[in-house]
Amino acid sequence: MRWVLRSWRLVRPGLDAALVRGTLGRPQGSRAVGSAGASTEFSYVVVGAGSAGCVLAARLTEDPAERVLLLEAGPRDVWAGSKRLSWKIHMPAALVANLCDDRYNWCYHTEPQPGLDGRVLYWPRGRVWGGSSSLNAMVYVRGHADDYDRWQRQGAQGWDYAHCLPYFRKAQAHELGADTYRGGDGPLRVSRGKTNHPLHLAFLEAAQQAGYPFTEDMNGFQQEGFGWMDMTIHEGDGATAHLETGGFIRSQPGVPHPDIQFHFLPSQVIDHGRVPTQQEAYQVHVGTMRGTSVGWLRLKSANPQDHPVIQPNYLSTEADIKDLRLCVKLTREIFAQDALARFRGEELQPGSHVQSDGEIDAFVRAKADSAYHPSCTCKMGQPSDPTAVVDPQTRVLGVDNLRVVDASIMPSVVSGNLNAPTIMIAEKAADIIKGRPALWDKDVPVYRPKTLATQR
Ligand SMILES: Cc1cc2nc3c(=O)[nH]c(=O)nc-3n(C[C@H](O)[C@H](O)[C@H](O)COP(=O)(O)OP(=O)(O)OC[C@H]3O[C@@H](n4cnc5c(N)ncnc54)[C@H](O)[C@@H]3O)c2cc1C
């Protein structure tokens, strides 16, 4: 979580502190005393050097008059005592290595989940420079235009798609160059999946055989369909990612835009990679993107070392159970297509014995797991909304000089992974904090299915 505090006094930093500076401090900043006793003054303190915190610190220091203190609880992403980058952070294929230990990872756990047979779920989160973006799967997904228009309706005035898209572009340097949707010269390098792996190719073909469209750019005009995913990887990262193809579909007729997401893997990942794979296999990670179960998170104690109490209330609504049942059925249909025939063996999970709705639901309750995108605990909204924590300028309601800028302020979760939207939030918040006029786009076209009377 990133809190931005305006004008803060640093007494004795117990955390890894990066001083990001323009020139020396501004007169209105509070005086601060460093651990060596030196006086220091900051215009901003950014707490947490994760996806949002790093973007904010970088943008705020574009003005050389600003002096920013960036505090991070975790270590740097280099080998101790050297400038060598840690392979665990900088090699895309190393994702699971970081999920198996706590060097760069808070290793949170949820409360036991009644909707998941009482299981306690593992919630890895980054505790390192770069935050969760340093251990994430590097999939770059923005969500659907309608998600942001919904944010505006939910009270986040000025956060509709027209006002968010320019900040997605501003952050991005896409290898395919700039267009209406893609950015060309931002700091975040993004490339398009392009492997020749036969399983990825077969998966895309199978999805089309099942009647779904191929989409050229799931972050551009058309999210709906299957295609090559964008990734926050650029040449020289050394190793390829596993997640290069995926898709977005509507679960049933009447759903206006995709609510189910697929990540295809030409390999097996069991229990976040903590259990060694047992055989050659392929799998999809499939899930509903607009879950209706609502949870909460709160401090366990006043001790900052204690992990918070995390209660997601997974599968506490009938709608979520039904949606995940659909996920299983729709996935089986794609996997049954001819394109995958030459690779197909027996179904490992759920297994061919799992057929009835009751059996599928039992499988889901026994096996479903987190896909790493918790959000909305400090939702942005109007001051009149009793569930809002920050206003549309990201200011904490009722507290002076304190903002929250990170994945937690989404008014509702977007239809996709959260790293790109979090970076967009920080880009836009930086302009808000600097008092700059908001960027916006006029009339950007968005794909609509020909009919909502059918599911595909
Ligand atoms: C395993 C995993 C895989 C993921 N895969 C993807 C993916 O492929 N694509 C995608 O889009 N998203 C993915 N995500 C989600 C995405 O990475 C996060 O939603 C995003 O990084 C959140 O950004 P943030 O700035 O809100 O928080 P974070 O990036 O988590 O940053 C929070 C930072 O604050 C620090 N911090 C916390 N408390 C304190 C404190 N008291 N003092 C100082 N510092 C503190 C933390 O150590 C951390 O560095 C994944 C997440 C995980 C965990």
- request: List the number of the failed condition for A137; all other conditions in (1) modelled with pLDDT of 90 or more; (2) small (G, A, S); (3) within 10 Å of the ligand (Cβ to nearest atom) hold.
  value: (1)
Any chance Q393 is in contact with a helix residue (DSSP H, G or I) (Cβ under 6 Å, 6 or more places away or on another chain), surrounded by fewer than 15 Cβ atoms within 10 Å (Cβ to Cβ) and not hydroxyl-bearing (S, T, Y): yes
task: Could you tell me whether A171 is hydrophobic (A, V, I, L, M, F, W, C), buried (at least 17 other Cβ atoms within 10 Å of the Cβ) and more than 16 Å from the ligand (Cβ to nearest atom)?
output: no
- line: Every listed condition ((1) acidic (D, E); (2) under 21 Å from N417 (Cα atoms); (3) loosely packed, with under 13 Cβ neighbours inside 10 Å) holds for D320 save (3)
- prompt: Has the stretch 111-121 got at least one residue that is in contact (Cβ under 8 Å) with a residue 24 or more places away in the chain, surrounded by fewer than 17 Cβ atoms within 10 Å (Cβ to Cβ), acidic (D, E) and in contact with a strand residue (DSSP E or B) (Cβ under 8 Å, 6 or more places away or on another chain)?
  reply: yes
message: Among the residues that make up the stretch 96-105, is at least one of them over 15 Å from the mean Cα position of the chain (by Cα), more than 14 Å from the ligand (Cβ to nearest atom) and under 22 Å from V190 (Cα atoms)?
response: no
- request: Look through R395, R456 and report the one residue that is basic (K, R), more than 16 Å from the ligand (Cβ to nearest atom) and under 30 Å from S251 (Cα atoms).
  value: R456
field: Members of the stretch 241-273 that are modelled with pLDDT under 95, buried (at least 16 other Cβ atoms within 10 Å of the Cβ) and among the polar types (S, T, N, Q)
entry: Q268
field: Residue that is surrounded by the fewest Cβ atoms within 10 Å (Cβ to Cβ), among those in the stretch 423-456 that are among the β-branched types (V, I, T) and closer than 16 Å to G183 by Cβ
entry: V444
- prompt: Regarding P124, is this residue free of Cβ contacts under 8 Å to residues at least 60 places away in the same chain and over 28 Å from H257 (Cα atoms)?
  reply: no
Pairs with Cβ under 6 Å, 6+ apart, first in the stretch 404-424 and under 19 Å from P258 (Cα atoms) and touching a residue at least 40 places away in the same chain (Cβ under 8 Å), second outside any loop (DSSP other than H, G, I, E, B) and more than 9 Å from the ligand (Cβ to nearest atom): P411/W151; P411/M380; V414/D147; S415/D147
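The values are calculated or read from the model by the stated rules, or taken from the named source; none is laboratory data. Please read these numbers as outputs of a predicted model, since none were measured by experiment. Don't worry about glycine lacking a Cβ; one is built from the backbone with ideal geometry, like all the others, and counts go over all protein chains shown.
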